[in-house]
Amino acid sequence: MKKNSAISIIPREKASLRIILNVFVIGFLFVAMTACNKDFEEINTNPHGFTTTGDGALFNGIIESLVLSGNEQFYINNEILYKQAQSAALTKEAWGNYTIGTEEMWKDYYNTLPAVRELEKRFAAYPATPGVNNMRAMLKIVLAYKTFKMTDLFGDIPFSQAGYGFQSLERLHPEYDTQRSIYISLLEDLKTAATIIDDTAASAEPFTSFKRFDRLFLGDVTVWRKFANSLRLRYAMRMSDKEPELSGEIIGEIIGNNEPVLLGYDFTSPVLEAACIWPAISGFKNESLNWSFREHNGLRMGSNIWHQLSETDSPDGSGIFDPRAYIFFETDGNNQWTPFPQVPDASTPSAGGVPYGEHRDDAGNFSIKGENCNYSIFNYFLIRDEDFMPIILMTGAEVHFIKAEAYFRGIGVGIDRDMADIEYMNGINASVEWWLKTAHNSRLPLSGITFDEMLPIPEHLNASSVLNVFGSWNAQTDEEKLKFLYTQRWLDAFRQPWEAYALARRVSLLPREGNPIAHFRMPYPPSENQYNTTAWSNAIGRQGGDSPDVKIWWIP
């Protein structure tokens, strides 16, 4: 286990200042060493050389911060979010110290923010060339993604005044912005970013050097623009019940103007675009993923999601109609499909087993899931592949589902049931095919055995078999159609539990067993009470408390 430690705002700012200073030193040494192999004439043709190296390294660190930490996955995703969204079942609540996770998330965000502010300061001083505008846009987009995720978990957070402590000691204790103001500010930033991106600027400095540090989209600003517009759709829809006019304006602008977005399906052709961090491409191994499941060992396939993947409870899997069942989960220790009850009682047998241990990364031991492994488990490839299983930020399928909801409910566009059905069908096609492709490319890090070798998916399972059950024509009422839509978006977000949790808090039509969701936010990490007391106290008073049952701003 990772040991928890007290986090303060002052050490955060100092740590980030050290990071920035180290980048300057590394940049200087890099220039000094490479200068021996260059003519003076070549060196003098790039006046941005020193600064550009530092800019790219800082941006690379910001992209790196999108990688989920082990404690976030263990204490927040696995212990809380999967259970609350009912995307899986928590078989035992053995880890009540969730503050280890919230402290790490808070630390990660506020250690990264000063680097963002430093780049903002530098970019503002540069000539407003197309290349610099691209750099500015990329920074705005990644900051928006990180900040939306934080505010959606905590509510009000320090933002507009945060991250400047290394520039001014008077700004070490930033006030908390309201979630509404953060949303409106970030949505405007995303619009600006999508507007100023210039696809033709790739050959000009300083952008040519800067984009080499982009490990998310490898400097492809066209995809950055798509990501910006897709995020605008996501968060405009999320606040649609609280800000219907503004939400409609944003959604209508993107759909009506056919602004570029991440695309899952183009009519009948798969495109399967997504915003993901691919470890092998980015040059790291996602080792914390398996650690979080192996040490936690409390998640299993729940009865709620099982009933969205299979028409019957037959343990031989004959009722499965969705191939994602074979990608998300595996059978129990007896090779049976056995869901853990979403709402267990005292008579429910314990989960048992050690199905996430590294011993399974060997063809001869793959079937060994441990004694009394009584329930279906998360697919081992999904949580063990540290090279080819991506960290998902957004899929093209999600964009189709958002558009489908817009057309179905008339948000920003006129009600158009035909277009809603088309976008919904595209969403299912895109999600199923994207997950099948991802599974096909997956392999285990030690043995190299592939997904297809160990867990072949029956050939008759595909997007068509899903549509045979969840096609909109099978819905008897408009409410059931919306339920189908939300269910498929929720399934697509299986490895984005924070997104499934957001959807579960926003809509009441998601499939659910037991009581309605009553968990709406994460409490602030204890360090904020200690080091930013006044601002923390003001934020809690304004929101009505600091407990999970306090609804954040956009929840209906």
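Would you say Asn462 is among the polar types (S, T, N, Q), within 27 Å of Trp278 (Cα to Cα), in contact with a helix residue (DSSP H, G or I) (Cβ under 7 Å, 6 or more places away or on another chain) and at pLDDT 95 or above? Lay out the reasoning, then the answer.
Working: among the polar types (S, T, N, Q): yes; within 27 Å of Trp278 (Cα to Cα): yes; in contact with a helix residue (DSSP H, G or I) (Cβ under 7 Å, 6 or more places away or on another chain): yes; at pLDDT 95 or above: yes.
When the stated conditions are applied, Asn462 passes them.
Is at least one residue of region 379-398 over 20 Å from Ala493 (Cα atoms), aromatic (Phe, Trp, Tyr) and not in a helix (DSSP H, G or I)? There is no residue in region 379-398 that is over 20 Å from Ala493 (Cα atoms), aromatic (Phe, Trp, Tyr) and not in a helix (DSSP H, G or I).
Within region 524-537, being of a type outside the set (Ser, Thr, Tyr) and farther than 11 Å from Ile157 by Cα holds for Pro525, Pro526, Asn529, Gln530, Asn532. Residues in region 105-119 include none that are in contact with a helix residue (DSSP H, G or I) (Cβ under 9 Å, 6 or more places away or on another chain), of a type outside the set (A, V, I, L, M, F, W, C), free of Cβ contacts under 8 Å to residues at least 40 places away in the same chain and closer than 23 Å to Ile157 by Cβ. Among the residues of region 355-378, those that are free of Cβ contacts under 8 Å to residues at least 60 places away in the same chain, part of a loop (DSSP other than H, G, I, E, B) and surrounded by fewer than 17 Cβ atoms within 10 Å (Cβ to Cβ) comprise Gly364, Asn365, Ser367, Ile368, Glu371, Asn372. Within region 217-235, the set of residues being closer than 29 Å to Arg505 by Cα and either in contact with a strand residue (DSSP E or B) (Cβ under 9 Å, 6 or more places away or on another chain) or of a type in the set (Lys, Arg) (or both) comprises Arg225, Lys226, Phe227, Ser230, Leu231, Arg232, Arg234.
It is to be established whether one or more residues within region 151-159 are at pLDDT 95 or above, touching a Ser or Thr at 6+ places or on another chain (Cβ under 9 Å) and either β-branched (Val, Ile, Thr) or closer than 30 Å to Leu309 by Cα (or both). Can you show your working first?
Let us first name the residues in region 151-159 that are at pLDDT 95 or above, namely 151-159.
Restricting the remaining residues to those that are touching a Ser or Thr at 6+ places or on another chain (Cβ under 9 Å) gives 153-157, 159.
Subsequent filtering for residues that are either β-branched (Val, Ile, Thr) or closer than 30 Å to Leu309 by Cα (or both) retains 153, 157.
Checked region 151-159: at least one residue is at pLDDT 95 or above, touching a Ser or Thr at 6+ places or on another chain (Cβ under 9 Å) and either β-branched (Val, Ile, Thr) or closer than 30 Å to Leu309 by Cα (or both).
For region 236-331, the helices (runs of 4 or more DSSP H) that sit wholly inside it and include 3 or more residues that are more than 22 Å from Pro445 (Cα to Cα) are 244-256, 303-306. Helices (runs of 4 or more DSSP H) fully within region 448-556 that include at least 2 residues being among the small types (Gly, Ala, Ser) and buried (at least 17 other Cβ atoms within 10 Å of the Cβ): 497-506, 533-543. For region 172-202, residues that are out of contact with any helix residue (DSSP H, G or I) (no Cβ under 9 Å at 6 or more places or on another chain) and basic (Lys, Arg) total 1.
The values are calculated or read from the model by the stated rules, or taken from the named source; none is laboratory data. Worth saying up front: this structure is predicted, and the values here are computed from it rather than measured. No Cβ is skipped: glycine too gets one built from the backbone with ideal geometry, and neighbour counts run over all protein chains shown.
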